[in-house]
2 protein chains.
Amino acid sequence: MNFSVTILGSNSAIPSLSRNPSAQWLNAAERIFLIDCAEGTQLQLRRFHLHFQRIKHILISHLHGDHYYGLMGLLTTFHLLGRKEILHLYGPPELSDIVNLQLEVSLTRLLYPLEFHPLVSAEPEMIFTDERVEVTAFPLLHSIPTYGFLFREKIRLRNYPACRSYAYCSDTAYDESIIPLIKGVDLVYHEATFHTELQEQARNRLHSTAAEAATIALKCGAGKLLIGHFSARYDSIQPLLDEARAVFPETIAASDGETIQIFSKH
Amino acid sequence: MNFSVTILGSNSAIPSLSRNPSAQWLNAAERIFLIDCAEGTQLQLRRFHLHFQRIKHILISHLHGDHYYGLMGLLTTFHLLGRKEILHLYGPPELSDIVNLQLEVSLTRLLYPLEFHPLVSAEPEMIFTDERVEVTAFPLLHSIPTYGFLFREKIRLRNYPACRSYAYCSDTAYDESIIPLIKGVDLVYHEATFHTELQEQARNRLHSTAAEAATIALKCGAGKLLIGHFSARYDSIQPLLDEARAVFPETIAASDGETIQIFSKH
């Protein structure tokens, strides 16, 4: 059964023609989660031939625009294409106001039920569970309220030695307090906005360097590390990848359109 | 002196990989106006190598998402790139609430002054004038409050026999009441969402067919007609172009990235 993540955007705030801002398509045992939804995400879904009516859950980590400015467009397209099935939306409480205001002014009444689940807890909180998958939201250390997400498979399959797991950590400063929660995760996505040369800038803006992302992966004993949310200043992200691999060799750099299969490390 | 329009999006509500939704870059005697700003507009500006800090005025015709969902991303990118110069934003009054709410939740204080000009008049209203150009907003007939825009050059140049003009009419049902206002315009952009085969659908949704767009151009004595806002159902828009040309031969179909020079018809 599929457990993989497809990168829809790997840049930070400013989009470029080769790297869109944050969005990921997670297939967790055939449950489809969209994690963040930057401007242009619906076009990325088309570009990479992902059947987007399969999305049942959209998780917005925080309300910086590069993580949600594509949400309204996607919600509207679902509507225009005649979606009937319920959609679950998770995010900071103000997201509901933002969505409702824009639906109201356009006199749009969505054809499908949109159920909003506010993220408010200061502690890790299970936000979804069914017979196969469990999702936990947990606070990250950023300039506005921000959540990471941990996805865990619940049933061990015949050909797999253990349940698979994926953690999404963006945006965040270096913060060891998340380590116990994501201990032993098979794949951790951790933002790596800057090279260590810009350590100061990373600290001031509550972002991480590639070395910091790798240190978190190392300390939590992750199977693999996926870095992304790269500053638009980097034409090539090879220096960031090199920096991370020096600390944690099993590092992959996110690249728009790429799918990473998640395997159990055990 | 340049007087031209560059198409940034020619589709209606649903974006496709070849046609983005509505946005136009108007160079009116070296004043740059962005007319509408669908999701993805900032990437279109990059794609077509338009220097987007030259934009001084953004005009939003109405609050259907396919005309403004790219606005927040563009405003944020201006900010992140260090813009200092004032930006004038024109649109229905609720647009100000939508922008401010999203800036507030992200704790963003723009580095540049953003001056909002609400469009509320039920009559044509001059919304901008300087020594070279005059802009008038006028109500269109649509399902929510919607404005068209008329741009007129004020100074006749040495090599030109008359002042040039451009009218933007989207979204709108067929409405002869705009004819006196845009009489004799050099280039009129008029939405042509549907082929006449879908006349009923056009009427119900307060959109126009290609033939109706052409009839407006004919009756107002325009120099040329530019059609756009095509329904995503049309892979080829040749049938819509043929339909319009049967009524008004001087018709052009909008195509993303194309620049149309505006000449005086006199």
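Data overview
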item	result
Given (1) within 14 Å of chain A (Cβ to nearest Cβ); (2) touching a Phe, Trp or Tyr at 6+ places or on another chain (Cβ under 7 Å); (3) touching a residue at least 40 places away in the same chain (Cβ under 8 Å), number of the condition B:Ser143 does not satisfy	(2)
Where a residue in segment B:59-74 is at the interface with chain A (Cβ under 7 Å from one of its Cβ atoms) and its partner, wherever it lies, is charged (D, E, K, R) and crowded, with 24+ Cβ neighbours inside 10 Å, with Cβ under 6 Å and at least six apart	B:Tyr69/B:Glu39; B:Gly70/B:Glu39; B:Gly73/A:Glu39
Test result for A:Thr209, in contact (Cβ under 8 Å) with a residue 60 or more places away in the chain, of a type in the set (Ser, Thr, Tyr), farther than 20 Å from A:Gly91 by Cβ and touching a strand residue (DSSP E or B) at 6+ places or on another chain (Cβ under 7 Å)	no
Filter result for the condition that a residue is closer than 20 Å to B:Pro118 by Cα and in contact with a Lys or Arg (Cβ under 7 Å, 6 or more places away or on another chain), over B:His67, B:His57, B:His88, B:His62	B:His88
Residues satisfying the stated conditions in segment B:64-78, i.e. part of a helix (DSSP H, G or I) and either touching a His at 6+ places or on another chain (Cβ under 9 Å) or basic (Lys, Arg) (or both)	B:Asp66, B:Thr76
Residue match in segment A:38-51 (condition: more than 12 Å from every other protein chain (Cβ to nearest Cβ), surrounded by 16 or more Cβ atoms within 10 Å (Cβ to Cβ) and either outside any loop (DSSP other than H, G, I, E, B) or modelled with pLDDT of 95 or more (or both))	yes
Residue count for segment B:207-247, restricted to those that are open to solvent by 10 Å² or more (accessible area, probe 1.4 Å), assigned to a helix (DSSP H, G or I) and either at pLDDT below 95 or not basic (Lys, Arg) (or both)	11
Qualifying residue in segment B:124-136 (condition: of a type outside the set (D, E, K, R) and part of a loop (DSSP other than H, G, I, E, B))	yes
Residues of segment A:172-194 that turn out to be surrounded by fewer than 22 Cβ atoms within 10 Å (Cβ to Cβ) and not charged (D, E, K, R), as a count	7
Neighbours by Cβ (under 9 Å, 6+ apart or cross-chain): first from segment A:97-118, more than 14 Å from A:Leu71 (Cβ to Cβ) and within 11 Å of another protein chain (Cβ to nearest Cβ); second modelled with pLDDT of 95 or more and open to solvent by 70 Å² or more (accessible area, probe 1.4 Å)	A:Glu104/B:Glu94; A:Val105/B:Glu94; A:Val105/B:Asp97
Residue that is surrounded by fewer than 24 Cβ atoms within 10 Å (Cβ to Cβ), closer than 18 Å to A:Thr129 by Cα and either of a type in the set (A, V, I, L, M, F, W, C) or within 11 Å of chain B (Cβ to nearest Cβ) (or both), where the choices are A:Ile35, A:Ile55	A:Ile55
Residue match in segment A:248-255 (condition: on the phi > 0 side of the Ramachandran plot and either surrounded by fewer than 19 Cβ atoms within 10 Å (Cβ to Cβ) or in a loop (DSSP other than H, G, I, E, B) (or both))	no
Residue selected from segment B:81-96 under the condition facing chain A (nearest Cβ under 10 Å) and modelled with pLDDT of 95 or more, by the criterion nearest to A:His67 (Cα to Cα)	B:Leu95
Residue count, segment A:79-107 (criterion: open to solvent by less than 40 Å² (accessible area, probe 1.4 Å) and assigned to a loop (DSSP other than H, G, I, E, B))	4
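The values are calculated or read from the model by the stated rules, or taken from the named source; none is laboratory data. Remember, it's a predicted structure, so these values are computed and weren't measured experimentally. Ideal geometry is used to build each Cβ from the backbone, glycine not excepted, and the neighbour counts take in all protein chains shown. Each accessible area value is taken on the protein alone, full model and side chains, heavy atoms only, with ligands, DNA and RNA left out. Shrake-Rupley method; radii C 1.70, N 1.55, O 1.52, S 1.80 Å.
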